[in-house]
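S.K.: Below you'll find the structure I mean.
Bear in mind these aren't lab numbers, they're just calculated from the coordinates by the rules spelled out. Fair warning: this is a prediction, and the values are worked out from it, not measured in the lab. Cβ placement follows ideal geometry from the backbone for every residue including glycine, while neighbour counts extend to all protein chains displayed.
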DNA sequence: AAGTTTATATTGACAATGTCAATATCAACG
DNA sequence: CGTTGATATTGACATTGTCAATATAAACTT
């Protein structure tokens, strides 16, 4: 059984130490460089020890993604919860929060959408994703939760626009000179373009 | 020097055979399963033979991406070139073409944006990307080529919207029930939402 | 024609990885 | 005290990308 807090081991559980090590690797070099063996090395355990806490590499990456989905959801929440729903200013705040998160830690943002590397059936991941989506789709407030009305939704379009822009931006794939430092003004303008005369 | 068509070798150059094998692997299992050794095996050459034609794995994947960028650009062109610029119908046609390409071969579409796996400095890749972007950004026709005006552009917003939707769709990350078979109607509606009262 | 260069192909090796099997350790429990 | 169960370790295996050494054969030079 997993001992609680009995003997004084330096920091915490092995699982926790592994997650810390894996996160450092993710932030430094990206998901592809988060290897089980290097993570174990950084955590100071043998190369097979992680198997007791994470079934395989996918499970380890999924655990990281759960943290990051929650982190992003929280940042979006705190950036928008005070603003009135269905307003351009709230939409801009959401876009800003996502862009800021992704620019600050691109590897984390990329991991969130690497469906091939994650265990999408993981309940914790599902919950964390749902939490984020609940916030994203509540931005324009024209529908409640996951419900998609007849044709489409402003919220969905807004989210796709933001995600597309952010994804391409952090990979420098827009092939457009960025004369603006943060890129946020351009995103603001695009959000306004989508919402103009509609809110 | 590379011999031309001298001796009767079954199909074509080794480089060509490698690309064919690599493409089959890409389509079947995704970029992560396009390994140099398996590609060589499928092409019937030794595991080190590819090194003569592709410097490393990245170069092989880049060669695939060049073909796919060109392919996608061509499909967007043929789907839109007859339609009048700066019209919603042309924008919808562009969106349809991209979505169709991605749904038909998701692994190819994903590869295009895997900046970490591609050699973005490769001139052929740059050309192919530029060709695609020229088409994408000409969809709404409010600017000529790569030129980004003062604030933003409808074209850029349109492209980000389409790319975001398509990316999330092929990875089943929208977490929305798809009661529509193709997903195209929903994308149409979102495109209209962006362009309404502006064209 | 003979010799030399050059491109390309092969074999073999190395370190690294994910994962499995066998074993060891060690605390909790009967 | 002995057993059990969770966890850790070592060792092994197949696979991968890449490099070095070598072989081959065509093309070019003299």
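S.K.: Treating the point 7 Å from Cα along Cα-beta-carbon as the label, what are the nm separations from residue A:37 to the other copies, to one decimal?
M.R.: Those label-point separations list as 1.3 nm.
S.K.: Now, a different point. Could you tell me which of rounded, prolate or oblate describes region A:29-73, using a ≥ b ≥ c as the square roots of the eigenvalues of the alpha-carbon gyration tensor, with rounded for a/c under 1.5 and, failing that, prolate when a/b is larger than b/c and oblate otherwise?
M.R.: Judged from the Cα gyration tensor, region A:29-73 comes out prolate (a/c at least 1.5, a/b above b/c).
S.K.: Place the peptides A:108-115, B:89-96, A:153-160 in order of packing, highest mean first, counting for every residue the other Cβ atoms within 10 Å and averaging per peptide.
M.R.: My ranking of the peptides, most packed first, is A:153-160, B:89-96, A:108-115.
S.K.: Measuring from a point 7 Å out along Cα→Cβ, what nm distances, shortest first, does residue A:82 have to its partners in the other copies?
M.R.: For residue A:82, the other copies' label points sit at 5.6 nm, shortest first.
S.K.: How do A:195, B:83 line up, fewest other C-beta atoms within 10 Å first?
M.R.: Listing A:195, B:83 from fewest to most nearby Cβ atoms yields B:83, A:195.
S.K.: At 7 angstrom along the Cα-to-beta-carbon line, where would the label on residue B:113 sit relative to the other copies? Give the distances in nm, shortest first.
M.R.: Computed spacing set for this position: 0.4 nm.
S.K.: Calculate the FRET efficiency for residue A:28 and residue B:27 from the Cβ-Cβ distance with a Förster distance of 41 Å, rounded to the nearest 0.05.
M.R.: Approximately 0.80, to the nearest 0.05.
S.K.: Average partner chain C-beta neighbours within 10 Å, per residue of A:78-84?
M.R.: 0
S.K.: Rounded to whole angstrom, how close does the nearest chain A beta-carbon get to the axis mapping A onto B, and which residue is it?
M.R.: Whole-Å result, nearest residue of chain A to the axis: A:164, 1.
S.K.: Rounded to whole Å and ordered largest first, report the semi-axes of the equivalent ellipsoid of region B:10-54 derived from its Cα gyration tensor (root of 5λ).
M.R.: Largest first, region B:10-54 gives 16, 11, 8 Å.
S.K.: Subtract the Cα-Cα distance of residue A:196 and residue A:103 from 0.36 nm times their separation in residues, and report this length gain in nm to one decimal.
M.R.: Once the chain is fully extended between residue A:196 and residue A:103, it gains 30.9 nm.
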